[in-house]
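This report concerns only the one structure given below.
Where a number appears in this text, it was derived from the coordinates with a stated rule and is not lab data. This structure is a prediction, so every number in the text was calculated from the model and none was measured. Here the Cβ is made from the backbone with ideal geometry for all residues, glycine too, and neighbour counts use every protein chain on show.
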Ligand SMILES: Nc1ncnc2c1ncn2[C@@H]1O[C@H](COP(=O)(O)OP(=O)(O)OP(=O)(O)O)[C@@H](O)[C@H]1O
Ligand SMILES: [Mg+2]
């Protein structure tokens, strides 16, 4: 059978407005040049120490969109080149390995060992761990470390290998709640990324506009930066998506800004929900539906095998993402936690649950 699609194609001269390169505005794009956070020297100092043989792991904390992933990926990408350019480091440049892994994609130590060693499934962890002990100079960044389901690697890597560990997380409570033995094996330096100020946001958005647009109005970009800091918790993603839509629509006037920002908040919310793992998604759905954490936990199908504690950790994470508010309610001596949804478009959660077939039989 044939269908004619010609009539549905946008005209060949269809225009992306002022957008020169749409990829520059995708949410996982790492720009050619990043804005350097003032904490960058601290991280580089720890890396230099490591290269000289002294190892203090590093944990980077910061809200969503504060540049954790971008900063660390840029460091890993640029480090070998930088080393090659500095006398005295040239020898290490070729031997140092830099590896990025996200616990969202690889949530168990076993999966991360597999990734690091390239060994296929079925190999015992002990064999892979022996291999990792042979690594001389490796920098391993584990993003969204609070999603790790076990802490084997947090204990093993600092104690028994020479690998340098950089952990990234939004949730400061995650580290506090770790096992004492793991904490004392890590003894990390904590680096905190505060939310961007309006000036910093302006600089980041201006850099991005220059990279991906043919034209933009700097006054509108500054106004946008202010709105993102004030109304979108400084989430840079919202600013970047807004820039894209302003460029597409060539809508460089301040009056239309608010609508564009609202659209972009929705778009980013949509994106975060679709990126969630199954467990997070189910916890979000049940907590919104049941409006109270105890009842939500009771409604969790047994196949998810989740302890109450880990259920509550997930709820905290959702609160951190700005998707729900948890409110303590006391009636006499009975205390419960009510869930207040903050999502602009909660129907997306249900759609996604259905699309993945998570709660059906
Ligand atoms: N310093 C920066 N320079 C250039 N772009 C940045 C910078 N910080 C953030 N961005 C941009 O903002 C967006 C969000 O940044 P990033 O993903 O690094 O945040 P994050 O702290 O890892 O957030 P999350 O906790 O949600 O993972 C990305 O698209 C990134 O390109
Ligand atoms: Mg990140």
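Compute the distribution of all C-alpha to C-alpha distances in the stretch 124-268, in bins of 10 Å from 0, and list the percent of pairs in each, rounded to whole numbers.
Result, from short to long distances: 10, 30, 19, 18, 17, 5, 0 percent.
Please order 263, 279 by the number of other Cβ within 10 Å, starting at the fewest.
263, 279
Over the C-alpha atoms of the stretch 55-193, what are the Rg and the largest Cα-to-Cα span, Dmax, in Å?
For the stretch 55-193, the Cα radius of gyration and maximum Cα-Cα distance read 15.0, 44 Å.
Counting other beta carbons within 10 Å of each Cβ, put 333, 274 in order, fewest first.
Listing 333, 274 from fewest to most nearby Cβ atoms yields 333, 274.
Please report Rg (one decimal) and Dmax (integer) in Å for the Cα set of the stretch 2-61.
When restricted to Cα atoms, the stretch 2-61 yields Rg and Dmax of 22.9, 67 Å.
Taking the simple approach of a point 7 Å from Cα along Cα-to-Cβ for both residue 289 and residue 356, what is their distance in nm?
According to this spin-label approximation, the distance is 1.4 nm.
At 7 Å along the Cα-to-beta-carbon direction for both residue 85 and residue 54, put a label point, then send me their distance in nm to one decimal.
So the two model labels end up 2.6 nm from each other.
At 0.36 nm per residue, minus the direct Cα-Cα distance, what do residue 95 and residue 250 gain on full extension? Give it in nm, one decimal, please.
Gain in length upon complete extension: 51.0 nm.
In nm, what is the difference between 0.36 nm times the number of residues separating residue 344 and residue 45 and their Cα-Cα distance?
That pair, residue 344 and residue 45, stretches by 103.5 nm at full extension.
What is the Cα radius of gyration of the stretch 254-361 over 2.2 N^0.38 Å, N being its residue count?
1.17
When the label point is put 7 Å from the Cα of residue 210 along its Cα-to-beta-carbon vector, which residues of the stretch 16-31 have a backbone N closer than 17 Å?
20-21, 24-25, 31
Take residue 162, project a point 7 Å from its Cα along the Cβ direction, then tell me which residues of the stretch 16-59 have their backbone nitrogen under 18 Å from it.
Of the residues in the stretch 16-59, 47-57 have backbone N under 18 Å from the label point off residue 162.
If you build the convex hull over the alpha carbons only and average its shadow over all orientations, what do you get for the chain? Give it in nm² to one decimal.
With every direction weighted equally, the projected area is 24.7 nm².
How big is the gap, in Å, between the Cα center of the stretch 216-281 and the Cα center of the stretch 126-156?
36 Å
Determine the gain in length on full extension of the stretch residue 312-residue 179; use 0.36 nm per residue of separation and subtract their C-alpha separation, reporting nm with one decimal.
Full extension from residue 312 to residue 179 adds 46.2 nm.
If you bin every alpha carbon distance in the stretch 1-107 into 5 Å steps from zero, what whole percent lands in each bin?
2, 8, 14, 18, 15, 11, 7, 6, 6, 5, 4, 3, 2, 0
Just from its helices, what would the mean residue ellipticity at 222 nm be for the chain, if runs of 4 or more DSSP H residues each count -39500 (n - 2.57) and the sum is divided by every residue, rounded to the nearest 500 deg cm²/dmol?
Value at 222 nm, helices only, nearest 500: -14500 deg cm²/dmol.
For a quick check: sort 170, 356 by the number of other beta carbons within 10 angstrom, fewest at the front.
Listing 170, 356 from fewest to most nearby Cβ atoms yields 356, 170.
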